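We did not get these values from a lab; they are worked out from the coordinates using the rules stated. Every value quoted in this text rests on a predicted model; they were computed, and no experiment measured them. Using ideal geometry, Cβ is built from the backbone for each residue, glycine included, and neighbour counts are taken over all protein chains shown.
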Amino acid sequence: MKWNLDDIPIFLAIIERGGISAAAQTLGIPKSTVSTTLTRLEQNLGLRLIDRSSRSLRITAEGEVFYRQAQQIMEQALATDTLMADLGIVAKGRLKVALPPAFSAELVAPHLLSFRQQHPEIDLEIVVTSQGAALIRDQVDIAVVVGELEDSELVSLPLIRGQLIWVASPKWLSENTLGETLDELRQQIQICETRYAQRRLPVFVDNQIASLDLSYGVIRVNNPLVVRSVVMSGGGVSMLPHHYCVVPRAERQLVQVMPHIRLELASSQLTAIYPSRRLMSPRVRVFLEFLSEICQGFSL
């Protein structure tokens, strides 16, 4: 028969207090309960742990061995309680996060060392991928995804609610005549993100719905920072999420053009997703706060 872990504190109290009566008084339980527990423990172990008479109590050799093991068990249990209590307060432990390539390079990377300095006990691993939503179930704690949340079972935290804007470099604009119509714009687009290379990309021209065919004759790349680099070097006109244009526009490396032709796509948004807000660990909470903080000021 297996013995019960719940009997250990009572056994230890008997040894450390020097008797059944003293143990009962210390624990605040009836003497009969202490005596019954000791008898049950010995029966379950099949060993005599304590020789007892009406006047004295003597621990047996087997009892000594069990006493030492019982002490270790209780010490480990107390250490575990302390550790788990700390984990509920202090941000520590392993945290695995999936981030899109452009977002990780442009917005997160410049602030990572600061996050580490503030939370040195977090063992952070970042997976750079555009497939973060597929990893959220079993492999990562948090994923940042482009677009809106589709899985209602996940919790979402909007980070950036931006929009796509048309941009070109000052150099290109100085050497070319910028058209005003949709057809003229189409001829000046040399590169775009793969997600926008659609046969019928929806746009609004002066609030009238229309579409662009970007399914041919355009370089397609799955990273907006590559598109930005090409446009900044004189590669015509293209659309980019607003948050990747804030700094280049401020530094006069990019200029917004064609404001009367609008793109309204959810893919210009960034959202953090995670499995549940119930019993959220401190490490998840502080990283979500970190993401929210670094994204402030990038939404339109």
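A few points about this structure:
- Kirkwood-based shape ratio for region 174-218, expressed as Rg/Rh from alpha carbons: 0.98
- In the elastic network of the chain, a GNM with C-alpha springs shorter than 10 Å, the most mobile of Gln72, Gln190, Gln131 is Gln72.
- Whole-number percent relative contact order across the chain, with pairs defined as alpha carbons under 8 Å at least 6 apart: 21 percent
- Once the GluC sites (Glu not before Pro) in DSSP loops with at most 15 neighbouring Cβ atoms within 10 Å are cut out of the chain, the longest remaining piece is 1-120.
- Net length gained if the chain between Glu16 and Arg40 were fully extended (0.36 nm per residue, minus Cα distance): 6.7 nm
- Estimated distance in nm for a label pair at Thr33 and Val155, the labels positioned 7 Å out from Cα along Cα-to-Cβ: 3.8 nm
- Vicinal HN-Hα couplings computed from phi for region 187-195 (Karplus, 6.51 cos²θ - 1.76 cosθ + 1.60; Hz; Gly/Pro x): 6, 9, 8, 9, 8, 7, 5, 4, 4
- All distinct Cα pairs of the chain go into the 1/r average, and the inverse of that average, the Kirkwood radius, is 24.5 Å.
- GNM on the chain, alpha-carbon springs under 10 angstrom: the most fluctuating residue among Phe103, Phe66, Phe115 is Phe66.
- For the pair Val221 and Gln71 in one chain, pulling the backbone fully straight at 0.36 nm per residue adds 47.7 nm over the alpha carbon distance.
- Highest mean packing first, where packing is the average number of other Cβ atoms within 10 Å per residue, the peptides 22-30, 225-233 line up as 225-233, 22-30.
- Under the criterion of Cα pairs below 8 Å and six or more residues apart, the relative contact order for region 166-300 equals 31 percent.
- The three principal axes of the C-alpha atoms in region 98-198 carry coordinate ranges of 55, 34, 19 Å, sorted with the longest axis first.
- FRET E, pair Arg199, Ser281, Förster distance 51 Å, beta-carbon r, rounded to 0.05: 0.70
- Across region 169-187, the residues whose backbone nitrogen lies under 16 Å from the label position 7 Å along the beta-carbon direction of Asp206 are 179-185.
- Taking the helices alone, the chain has a mean residue ellipticity at 222 nm of -11000 deg cm²/dmol, built from -39,500 (n - 2.57) per DSSP H run of at least 4 residues and averaged over all its residues.
- Extension gain (nm, one decimal) between Glu62 and Leu113, 0.36 nm per residue minus Cα-Cα: 12.8 nm
- Each Cα pair under 8 Å and six or more residues apart adds its sequence gap; the mean of these over the residue count of region 27-68 is a relative contact order of 25 percent.
- Neighbourhood charge, 13 Å Cβ-Cβ cut-off, centred on Lys31 and excluding it, Lys, Arg +1 and Asp, Glu -1: +2
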